[in-house]
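The values are calculated or read from the model by the stated rules, or taken from the named source; none is laboratory data. Note that the coordinates shown come from a computational prediction; the quantities given were computed from them, not determined experimentally. All Cβ positions, even for glycine, are placed from backbone atoms using ideal geometry, and neighbour counts span all protein chains on display.
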């Protein structure tokens, strides 16, 4: 998708929040990125600690957590809890550093949405219009334009939001969504590494539970992006996530009542037009499973017209730590810096 890319040479990057799952995945991906040199890793209260203490699988990188970011970094990836990045980003952009934020602090356009969905008043609402929502399949042109901007902020999407938006974008663009129910399941790594009683093995194993009932935070992103594509506000999205006893992966089953009669042929054409040339989205003929994408930056989507019920079912799967987090952030970084979009992300899914 980036045939006219020009390689800018080696780019120096830092990662803040390197000891979490998202940060560790960034280190893993960027370690094999031929255009990147990771020059600094930061994490709270971990100064000069070997990264292997937090991520034993990354011991061969020899990396250590540093106290400061060098002055000459080209870009910084932030993998921080919500509310933390908003205080860090202004200083970075004032230095001319590109920021790719894996958290939610710059995803939402309306400042009033932050106290509602995340419980904090945004300290720099003036920067929100400058940020680009980092889903390359929908915002590729804006990401390219951002590369020459004075303020470069990429707001990397949430994992659930990515799954649902990719699943439903062709329908929203065609004005086909009258209402939608998104029934989603995620592996436990989506909850992060914080020690919590409800995430203990004995609580999660052999159990499935719904959470975020009445309004998961990612609903705001889903409604924002689908409404933009539909060029009109949509009815509220009915979204219910579930925690399932696996490490990685998200599956979203999206049940759509169409705004007008539609057939399977038209749906196939819509999804082929939307994703036929996309490197990281594959439209498949059979229902996809999370195991089909684990370890990769891929999304697999199946669209099906249920003639009996008169509804559309769209199923999408991705790896919540790759396409749902670190991989997508690197994909957007590549677009921002004019690199081939797939650079550093060529790994095929793992099986079994």
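Laid out as a table, the results:
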| read-out | value |
| --- | --- |
| Some residue of segment 297-318 being part of a helix (DSSP H, G or I), over 21 Å from residue 224 (Cβ atoms) and touching a strand residue (DSSP E or B) at 6+ places or on another chain (Cβ under 9 Å) | no |
| Any hit, segment 152-170, residues being in the same structural domain as residue 250 (by TED's automatic domain parsing), farther than 28 Å from residue 234 by Cα, touching a helix residue (DSSP H, G or I) at 6+ places or on another chain (Cβ under 8 Å) and crowded, with 16+ Cβ neighbours inside 10 Å | no |
| Verdict on residue 348 being in a strand (DSSP E or B), modelled with pLDDT of 95 or more and either surrounded by fewer than 16 Cβ atoms within 10 Å (Cβ to Cβ) or out of contact with any helix residue (DSSP H, G or I) (no Cβ under 9 Å at 6 or more places or on another chain) (or both) | no |
| Any hit, segment 92-105, residues being assigned to a loop (DSSP other than H, G, I, E, B), touching a strand residue (DSSP E or B) at 6+ places or on another chain (Cβ under 7 Å) and within 30 Å of residue 213 (Cα to Cα) | yes |
| Wholly enclosed strands (runs of 3 or more DSSP E) of segment 1-89 bearing at least 3 residues in contact (Cβ under 8 Å) with a residue 40 or more places away in the chain | 11-16, 75-78 |
| Residue in segment 136-146 that is farther than 23 Å from residue 30 by Cα and crowded, with 22+ Cβ neighbours inside 10 Å present | no |
| Residue satisfying all of: in segment 69-96; closer than 15 Å to residue 38 by Cβ and more than 21 Å from the chain's Cα centre (by Cα); surrounded by the most Cβ atoms within 10 Å (Cβ to Cβ) among these | 69 |
